[in-house]
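Enquirer: A single structure is presented below for examination.
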Amino acid sequence: VFEEEKGFILYVGWESGLEVIAPMERVTDFNRSFHDYLAEHGEGLQTIVFGVRNIERHRERILALGYGASDIFGENPQAPWAGKMQLKEFIVGQQVMATQLVFGEIAYREGVIEIDTTAPEPGLPDGKPSLSPPDSANQE
């Protein structure tokens with residue numbers, strides 16, 4: 001997707017859930033946060049979004065583990081994917097290698113993509129995120 005007015009190029013694989021966003025050289029209101037990130041951190045991975053089925057449960061678990069989390073927020077109506085999905089996300093309060101971690105509950109609109117919601121979530125056989133508390137991360 002080439003969005004010259006908004007100032008970015010978006011490569012997206014709806015089936016895989018992978019998207020790569022690259023800001024164009026001209027700074028716009030929409031791409032300003034990407035330019036700010038690049039100015040501070042240089043080129044590299046900015047955000048990883050983990051898709052989950054129950055955003056509230058995952059946020060509660062992240063908070064219980066002591067990581068901190070933003071409030072849950074919704075989709076940006078100016079985003080190129082607006083209308084293709086219903087989006088709820090939160091940002092984990094601790095970055096990993098200068099990369100922002102985001103959990104997102106994404107409900108695709110009918111006909112965009114079909115997802116089997118009856119299968120167990122990968123990495124969550126007991127319904128809990130497979131993360132260790134921050135204090136135990138550096139022990140051993």
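Enquirer: Ordering 108, 37 from largest to smallest accessible area (1.4 angstrom probe), what's the sequence? Mind dumping the intermediate values first?
Expert: Numbers: 108 55, 37 30 Å².
Result, largest first: 108, 37.
Enquirer: Test of the criteria: in segment 1-51, which GluC sites (Glu not before Pro) are in a DSSP loop and have at most 11 other Cβ atoms within 10 angstrom of their Cβ? Walk me through the numbers before you get to the answer.
Expert: On the way: sites: 3, 4, 5, 15, 19, 25, 40, 43; in loops: 4, 5, 15, 25, 43.
Filter output for segment 1-51: 4, 5, 15, 25, 43.
Enquirer: Also: Determine which residues of segment 31-56 fall in the zone a paramagnetic label at residue 20 would reach in this model, i.e. backbone nitrogen under 17 Å from the point 7 Å along Cα→Cβ.
Expert: 43-49
Enquirer: Ordering 30, 2, 8 from largest to smallest accessible area (1.4 angstrom probe), what's the sequence?
Expert: Values: 30 40, 2 120, 8 0 Å².
The most accessible residue leads, giving 2, 30, 8.
Enquirer: Between residue 11 and residue 60, what is the label-point separation in nm under the 7 Å Cα-to-beta-carbon projection?
Expert: Distance between the two pseudo-spin positions: 4.0 nm.
Enquirer: Sorted by accessible area with a 1.4 angstrom probe, largest first, how do 85, 24, 97 fall?
Expert: Final ranking, largest accessible area leading: 97, 24, 85.
The values are calculated or read from the model by the stated rules, or taken from the named source; none is laboratory data. Source: prediction; values computed, not measured. Glycine gets a Cβ as well: all are built from the backbone with ideal geometry, and neighbour counts include every protein chain shown. Protein only, heavy atoms only, side chains kept; ligands, DNA and RNA dropped before computing areas. Shrake-Rupley method; radii C 1.70, N 1.55, O 1.52, S 1.80 Å.
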